[in-house]
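**Student:** I'd like to ask you about the structure that follows.
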Amino acid sequence: MKNRIVQALLTALLISSMIVSPVFATTLEDMQKNKDQAETEASSLQEQLTQTLDKIDTLEADLDKKQEEVEKAGDDLEEAAAKQTEQYESMKLRIKYMYEEGNSSLLETLFSSTSFTDLLNKAEYVAEVHSYDRDKLSEYEATTKQVETMKNDLQDEYEQMQTMQTELEGEKASLTATLEDKQSEIAQLDQSIQDAIAARQEAERKAQEEAAQAAAAAPNTQTNTTQNNTQQSNNNSNSNSNSGNSNSNNNSSNSGNNSSNNSSSNNSSYVPPQGRDGAAVVAYARQFIGNPYVYGGNSLTNGIDCSGFTQQIYAAFGVSLPRVDSAQALCGVEIPLSQAKAGDLLCYYGHVGIYNGSGGIIHASSPGVGIVEFSNCQYRTLRCVRRVL
């Protein structure tokens with residue numbers, strides 16, 4: 001009798017652990033997977049945030065430099081305008097003097113000549129004075145307009161960079177908030193895991209206690225309990241099996257949907273690459289001007305970032321580049337900007353674009369600007385130029 005009771009107790013303990021352990025093991029495994037996934041996402045967000053901060057630092061330095069250029073152009077403009085005004089006032093005074101004195105003053109100057117040669121020289125001098133005034137005034141007017149145009153161009157570039165800075169600050173705030181939420185999620189998952197472990201231990205303790213009490217009550221009762229527990233274990237196994245099949249089917253369905261979504265390609269109305277020289281690269285890239293910028297995007301038509309833009313443009317010509325700008329800056333052969341040709345890769349700190357062959361750049365600029373062509377590729381600090389064709 002004693003042996004039967006001991007045997008029943010051991011059986012009850014075994015069945016109890018079989019019931020409790022799989023349930024908690026599955027829950028803990030799911031929680032740990034969720035936590036691992038959240039930590040991976042947090043790491044990616046941290047990397048994106050670091051890159052954004054680097055871009056902001058570089059852009060702020062470029063803004064300071066551009067501001068100095070704008071201020072210098074303003075000083076040059078004021079100086080040119082002052083010289084123009086001074087020359088204009090001097091010319092007016094000379095004209096006023098000659099006309100107020102009348103023709104007699106001019107005639108006296110001419111007839112006071114001691115010889116015919118002296119007369120010609122003085123007449124030529126008077127004409128030269130008028131010609132000098134006109135030439136100088138025209139020169140100062142041209143200089144003033146040139147400096148004013150340069151100042152306006154610099155101001156436009158400065159404002160574009162300010163827009164980029166605002167967008168980067170917004171991106172920084174968004175990434176920071178998302179990262180904080182993700183870190184909070186990780187902390188909650190970690191606490192949930194600890195709570196689940198404690199709950200499992202408590203459930204196992206209670207199951208063992210109840211099994212011991214049931215085993216001590218009576219052999220018949222113990223037999224019924226064992227049968228019931230065995231049936232429950234089988235039901236749990238069937239439930240887990242059905243759940244696994246359901247998840248498998250759902251995963252297959254999702255995989256099919258993802259495959260369908262990923263199969264979407266760029267608009268077929270764009271002309272495919274013609275040739276494999278730099279001019280062909282520029283012509284192909286220009287087709288996408290006006291399309292949106294999307295951070296991490298991979299569609300030339302629906303949204304793409306700077307390194308994705310260059311990667312896909314060059315890929316159309318059989319050139320394989322890495323996905324990130326820092327790695328692209330190590331590809332091909334470095335050349336000085338003075339030797340750059342159309343289709344060369346322009347690398348900045350945290351940014352890349354394509355040289356258009358005439359001092360400008362085609363690039364996916366920023367979310368508020370999109371894919372554009374700037375006339376000045378040195379609108380910010382240039383890291384290097386790489387020839388990848």
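Every read-out reported here was derived from the displayed coordinates using simple, explicitly stated rules and does not represent laboratory data. No experiment lies behind these values; they were computed from the predicted model shown. Note that we place each Cβ from the backbone using ideal geometry, even for glycine, and neighbour counts take in every protein chain shown.
**Student:** Can you tally the net charge around S375? Count Lys and Arg as +1, Asp and Glu as -1, for every other residue whose Cβ sits under 11 Å from the Cβ of S375.
**Tutor:** Numbers: positive: none; negative: D153, D156, E157, E373.
So the environment of S375 carries a net charge of -4.
**Student:** Spelling out what I want: for every residue of region 340-354, take phi, set θ = phi - 60°, compute 6.51 cos²θ - 1.76 cosθ + 1.60 (Karplus), and round to whole Hz; glycine and proline get x.
**Tutor:** 5, 10, 4, x, 6, 8, 9, 10, 10, 7, x, 7, 9, x, 10
**Student:** Next question. Within a 10 angstrom radius of the beta carbon, how do Y270, Y293 rank from fewest other beta carbons to most?
**Tutor:** Details: Y270 13, Y293 22.
Final ranking by Cβ density, sparse to dense: Y270, Y293.
**Student:** Hey, another quick one. Once you place label points 7 Å from the Cα toward the Cβ at Q191 and E29, how far apart are they in nm?
**Tutor:** 2.7 nm
**Student:** Follow-up. Gap in Å between the Cα centre of region 136-202 and the Cα centre of region 295-310?
**Tutor:** Here the answer is 18 Å between Cα centres.
**Student:** Another question, if that's okay. Distance cut-off 23 Å, Cα to Cα: go down the list K83/K145; K72/K145; K145/K341 and report the pairs above it.
**Tutor:** K145/K341
**Student:** Once the other residues with Cβ under 12 Å from the Cβ of E39 are scored (Lys, Arg +1; Asp, Glu -1), what is the net sum?
**Tutor:** -1
**Student:** If you don't mind, there's one more thing I want to ask. Could you calculate the contour length gain from Q208 to S338, that is, 0.36 nm times the residue separation minus the distance between their Cα atoms, to one decimal place in nm?
**Tutor:** Extra length available between Q208 and S338 comes to 38.6 nm.
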